[in-house]
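Following: one structure in structure tokens, then a few remarks.
Values in this text are rule-based calculations from the coordinates and carry no lab data. Keep in mind the model is a prediction, meaning the values are calculated, not measured. All Cβ positions, even for glycine, are placed from backbone atoms using ideal geometry, and neighbour counts span all protein chains on display.
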Amino acid sequence: MKWKFYWREALNNLWLSKLRSILAIIGILVGSAAVVTLVSIGEMAKYKALSEFKTLGMNLASLVVNQNMDFNAGIDLTRTLIPDYNYAQSMLTLATKVANIQEVAPVATLSLPAYYAGKKLEAPIIATTYSYQTLANLQIQEGRFLHRLDRNNYFCVVGSDIANQLKNNGSNSIIGKELQLGNAYFTVIGSIKPWIGNAFISNNVNGSVFISLAAAHNFAPNLYIDTTLLQLKPDSDPDQIETDVKNFLAAKFPGLEVTVKTGKQLIVSMTHQKNVFTWMLGLIGGIALLVGGIGIMNVMLVSVTERRREIGIRLAIGARRADIQIMFLCEAIILATIGGVTGIIISLFITRIVAEFLTWEFMFSGSAVLIGFFVSLFTGIFFGIYPAYQASKLNPIDVLRAE
Amino acid sequence: MSLIKLDHIVKTYQVGHEKRDVLKDLCLTIKEGSLVAIIGASGSGKTTLMNIIGLLDQPTLGEYQLRGQSFHNLNADDLARIRNQEIGFVFQFFYLLPRLNALENVMLPLQYQNIDPKLAQEKALHWLEKMGLTHVAQQKPQQLSGGQQQRVAIARALVTNPSLILADEPTGALDSKTSDDILNLFISLHAHTQKTIIIITHNPQIAEQCHRIIQLQDGEIIRDEERQK
Ligand SMILES: Nc1ncnc2c1ncn2[C@@H]1O[C@H](COP(=O)(O)OP(=O)(O)OP(=O)(O)O)[C@@H](O)[C@H]1O
Ligand SMILES: [Mg+2]
């Protein structure tokens, strides 16, 4: 019997001071929306990272060299510009020289003008080996990728965007078309399905033209190997391989600064970033809820002050302290619940927009909703306790005498 | 049997640095079923006395017993329960809750007893009917006249069927015609229920109608007169 009374009275009271109720609700709403949005985005980011690892394959590593150009030592610059043919050849032998490396794909990006049927194509040219297909997990749309035996052949494979551009210019199949790259002609032998990306590979695969490294050397002898992708054998120790690769290269090319990035390191840095991210989100959400909670407390304290006489009357005719506390707590709970639920709904929209914007897969996790709801409820109760306590402490004869 | 027994009651208030005895060594017994008027000038301690009798306040010194029970060891919630069950209050300014309608106001004391809402409503309607207020049951206090509001307050005081009714200047805010009505209501209530009723009043004519008149002056009883009716 009592509870029905409590809730009805609480609703009634809140309804009779609408403006104040709305202010308190907005406070909690902002906090709840912030928390739920942040938790949801955190979950989406986690999911995104996980799915990235899946496509990535845990056994990838990438290798980048920076030359230590020591000008004071008077080193002959032409000789230290190692990333040339020799370097590429050395890289290709890595698979046989260093244990536990399965595949190697040196990658050079050439910025030569590319033309098709006299029209310029905005396409970087990627010179690499057939292994790139396995490493980057490329799916073939039409034709085939570069092959071990292609070596010096002037063949090229195009990404999906380029393939579309070639199709716009006429026929359905693009196999056999001729592209002019720099001042050489290449025959298209295949196209690649749209590629989703990979944390290790910064190439814009969909918008590029692929040619073999050997062919590239023929007409661009000074090409520079940006990155070498490595595939490690399953269950090998990435740290050991890193040391081995560094030793191998140090012997051949002294003065090279070698950076090896392995999947393991990437995971470590991503989880680290994620922790920082989570902490920041938690902090922001916490501050928002704190503000919301203080809002509730404020509104409730004003309400207690305004209703001193009412409280005095209730106490005089037999309300226990707990009855008064519960009355105000019910109001706080109702405010917090409305604010919390509205915040969750709003955060649903925000999360949607953010997902759209980041082209992430939209997810709205049940745990985010539950966390948002209970955290709001808890905030309401926590910050409602003090005003409720203040109200129940009033002395009926004092408040009634003050009239 | 005496319902109320006050034994050497002293009530001291601290005002600034000064201590003031508002009730000075006051002794008083009131029989169950009496209709008592307490009169006295403003500031003589009438309300203070009533607050002690009504368990809203505790004496500084002395012993108060209601039906032989004393209250030293009871906490605020126990006192609230006794007030709720044993005592009905009627105040000068009615003290109805403005947000509740007449019926809800009358039901309020029952809200603090765990009784069935239907039964509570029945009881409240019963007392509203006795007060001739059935037609305004759904109205808010500010829609009612002063006399109607006071009758709602009286219904609220009676709805728990208390043995003691304490009315602090119940006609103080009403015109003389309405005052008479309210007073007659108390008198007939007393005649029908034999409840103990204590009325605080400034008005000697009202006091004349009661069975016993107690006059306070500066916290002391200067007159205590039983009247046969
Ligand atoms: N809480 C308090 N603190 C200090 N002084 C108080 C307090 N309550 C009452 N008094 C003082 O005690 C005296 C008696 O007050 P009380 O209200 O009992 O008088 P009363 O007889 O009811 O007067 P009235 O007819 O005006 O209602 C007054 O002088 C009043 O100022
Ligand atoms: Mg008084």
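Some points to look at:
- Averaging 1/r over each pair of different alpha-carbon atoms in chain A and inverting the result gives 26.5 Å, the Kirkwood hydrodynamic radius.
- Segments B:69-75, A:328-334 sorted - mean Cβ within 10 Å per residue, highest first: A:328-334, B:69-75
- Cβ-based charge dipole, chain B, positive-most Cα from B:His72, B:Val90, B:Asn114: B:Asn114
- In the stretch A:67-256, the C-alpha radius of gyration followed by the widest Cα-Cα span (Dmax) gives 17.7, 58 angstrom.
- A full extension of the chain between A:Leu290 and A:Ser111 corresponds to an added length of 59.0 nm, given 0.36 nm per residue minus the alpha carbon distance.
- Considering only the protein assembly as shown, percent of DSSP beta bridges that pair antiparallel, nearest 5: 70 percent
- When the charge dipole of chain A is built from unit charges on Cβ atoms (+1 for Lys and Arg, -1 for Asp and Glu) and taken about the Cα centre, the candidate among A:Gln165, A:Leu121, A:Tyr185 whose Cα reaches farthest toward its positive end is A:Gln165.
- Comparing mean-square fluctuations of B:Asp57, B:Asp77, B:Asp181 from a GNM of chain B with C-alpha springs under 10 Å, the top value falls on B:Asp77.
- Computed E for B:Glu63/B:Phe93 - FRET, C-beta separation, R0 35 angstrom, nearest 0.05: 0.65
- Cα centroid separation - the stretch A:278-297 against the stretch B:1-80, whole Å: 51 Å
- Structure-based [θ]222 nm, chain B - -39500 (n - 2.57) summed over DSSP H runs of at least 4, per residue, nearest 500: -10500 deg cm²/dmol
- Electrostatic dipole magnitude of the stretch A:67-256 [Cβ: Lys, Arg +1; Asp, Glu -1; Cα centre; debye, to 20]: 600 debye
- Rounded FRET efficiency, nearest 0.05, which uses the C-beta distance separating B:Asp77 from B:Arg223 and R0 of 51 Å: 0.85
- Net charge dipole size for chain B [Lys, Arg +1 and Asp, Glu -1 on Cβ; Debye, nearest 20]: 400 debye
- Over chain A, DSSP H runs of length four or greater, each weighted -39,500 (n - 2.57), average out per residue to a 222 nm ellipticity of -19500 deg cm²/dmol.
- Within a straight-line Cα-Cα reach of under 17 Å, B:Lys31 can be paired with the following lysines, leaving aside sequence neighbours fewer than 8 residues apart in one chain: B:Lys5, B:Lys195, B:Lys229.
- Note on A:Tyr389 and A:Phe219: the model spin-label points, each 7 Å out from Cα along the C-beta direction, lie 8.2 nm apart.
- Cross-link reach list, aspartates and glutamates versus A:Lys193, counting only Cα pairs under 15 Å and skipping chain neighbours closer than eight places: A:Glu142, A:Asp161
- Simple Cβ-charge dipole of chain A, Lys/Arg +1 and Asp/Glu -1, about Cα centre, in debye nearest 20: 1440 debye
- With R₀ fixed at 35 Å, the C-beta to C-beta distance from A:Asn247 to A:Asn153 puts the FRET efficiency at about 0.50.
- When the Cα positions of B:Thr201, A:Gly207, A:Val291 are compared along the charge dipole of the protein assembly as shown, A:Gly207 comes out farthest toward the positive end, with charges on each C-beta of Lys, Arg, Asp and Glu.
- Restraint check, A:Lys46/A:Lys233; B:Lys46/B:Lys130; A:Lys46/A:Lys252; B:Lys118/B:Lys140, Cα-Cα greater than 31 Å: A:Lys46/A:Lys252
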